[in-house]
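The values are calculated or read from the model by the stated rules, or taken from the named source; none is laboratory data. Just so it is clear, the model here is predicted, and its values are computed rather than measured. Cβ placement follows ideal geometry from the backbone for every residue including glycine, while neighbour counts extend to all protein chains displayed. Side chains included, ligands, DNA and RNA excluded: accessible areas come from the protein's heavy atoms. Shrake-Rupley method; radii C 1.70, N 1.55, O 1.52, S 1.80 Å.
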Amino acid sequence: TARRLPGLRVAVQILATRQAVEAVSRGGADIGLVHDILDDPLVGAEDLGRAVMACAVPARHPLATRDRLHARDLRAVPFACYAVDSPIGQRMRAAFEAVGERFAPTFELGASTVLCEVALKAGVPGVVEGYILALGWWPGLRVVPLEPEVPLRPRLLTTLQRPVSCAARAVGEECRRVVTRLLD
């Protein structure tokens, strides 16, 4: 995108889903990338694919050798995840409760990048989007599928109140390309 649009400046903000929707709705952000959408008649959402939550487990952690982890496996170990009151945290809590488990992360965080760093540095599993490790930023973590499956729908947000700028469309195209590649 930077090569196609010399001089383009991109400001990235990591916001909670509600804040991202509000930023796009009110014009504080041209586009947004989220996993959930809260109803807002002023924001359009384009589905970019399907993903699931998984465990990012440090390679030396005893759970790293498992082919699959169940909610009950996290009962006795410290783990990191999104804040319980976040949209993903609420979905995680509901999924754990549906199988008779309590969702109680030791570390509650607001961004997948921070979550992976905490998992790696603290030596604990991190419950995160299953595709995030495809970025290659955390070679010390291993993705282990999680049961119950908690589905995600990555979405690109744009405002419905005004035309989307050429620059925002170009950045959106790049987001679409990267997310699609990561989901593969």
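Can you tell me which residue in segment 82-107 is farthest from Q19 (Cα to Cα), limited to those that are free of Cβ contacts under 8 Å to residues at least 24 places away in the same chain and open to solvent by 80 Å² or more (accessible area, probe 1.4 Å)?
The qualifying residue farthest from Q19 (Cα to Cα) is E97.
Is it the case that L182 is open to solvent by less than 30 Å² (accessible area, probe 1.4 Å), in contact (Cβ under 8 Å) with a residue 24 or more places away in the chain and not aromatic (F, W, Y)?
In short, yes.
Please work out which residue is least open to solvent (accessible area, probe 1.4 Å), limiting yourself to segment 120-146 and to residues that are over 21 Å from T180 (Cβ atoms) and small (G, A, S).
Filtering segment 120-146 for residues that are over 21 Å from T180 (Cβ atoms) and small (G, A, S), the one least open to solvent (accessible area, probe 1.4 Å) comes out as G126.
Would you check which residues across segment 19-28 are of a type in the set (A, V, I, L, M, F, W, C) and free of Cβ contacts under 8 Å to residues at least 40 places away in the same chain and list them?
Matches in segment 19-28: A23 only.
Considering (1) in a helix (DSSP H, G or I); (2) of a type in the set (D, E); (3) open to solvent by less than 70 Å² (accessible area, probe 1.4 Å), say which one E22 fails and leave the rest.
Only one criterion is unmet by E22, namely (3).
Quick check on segment 25-64: of everything there that is among the small types (G, A, S), touching a helix residue (DSSP H, G or I) at 6+ places or on another chain (Cβ under 8 Å) and outside any strand (DSSP E or B), which residue is nearest to V127 (Cα to Cα)?
If we filter segment 25-64 for residues that are among the small types (G, A, S), which is where we start, we get 25, 27-29, 32, 44-45, 49, 51, 54, 56, 59, 64.
Then keep just the ones that are touching a helix residue (DSSP H, G or I) at 6+ places or on another chain (Cβ under 8 Å); that gives 28-29, 32, 49, 51, 56.
From the residues that got through so far, the ones that are outside any strand (DSSP E or B) too are 28-29, 49.
On the way: G28: 30, A29: 28, G49: 19 Å.
In this case the residue turns out to be G49.
Name the residues in segment 49-95 that are among the aromatic types (F, W, Y) and under 16 Å from the mean Cα position of the chain (by Cα), would you? Break it down stepwise before answering.
Narrowing segment 49-95 to residues among the aromatic types (F, W, Y): 79, 82.
Residue satisfying the conditions is Y82 alone.
Of all residues in segment 108-119, which are open to solvent by less than 70 Å² (accessible area, probe 1.4 Å) and assigned to a strand (DSSP E or B)?
Within segment 108-119, just L109 meets the criteria.
P62 passes all but one of (1) over 25 Å from Q13 (Cα atoms); (2) of a type outside the set (A, V, I, L, M, F, W, C); (3) surrounded by fewer than 18 Cβ atoms within 10 Å (Cβ to Cβ); (4) touching a residue at least 12 places away in the same chain (Cβ under 8 Å); which number fails?
With (1) over 25 Å from Q13 (Cα atoms); (2) of a type outside the set (A, V, I, L, M, F, W, C); (3) surrounded by fewer than 18 Cβ atoms within 10 Å (Cβ to Cβ); (4) touching a residue at least 12 places away in the same chain (Cβ under 8 Å) applied to P62, the lone miss is (4).
Here is a check on your reading of the model: is T158 farther than 21 Å from A59 by Cβ, polar (S, T, N, Q) and open to solvent by 30 Å² or more (accessible area, probe 1.4 Å)?
Working: farther than 21 Å from A59 by Cβ: yes; polar (S, T, N, Q): yes; open to solvent by 30 Å² or more (accessible area, probe 1.4 Å): yes.
Against the criterion (farther than 21 Å from A59 by Cβ, polar (S, T, N, Q) and open to solvent by 30 Å² or more (accessible area, probe 1.4 Å)), T158 qualifies.
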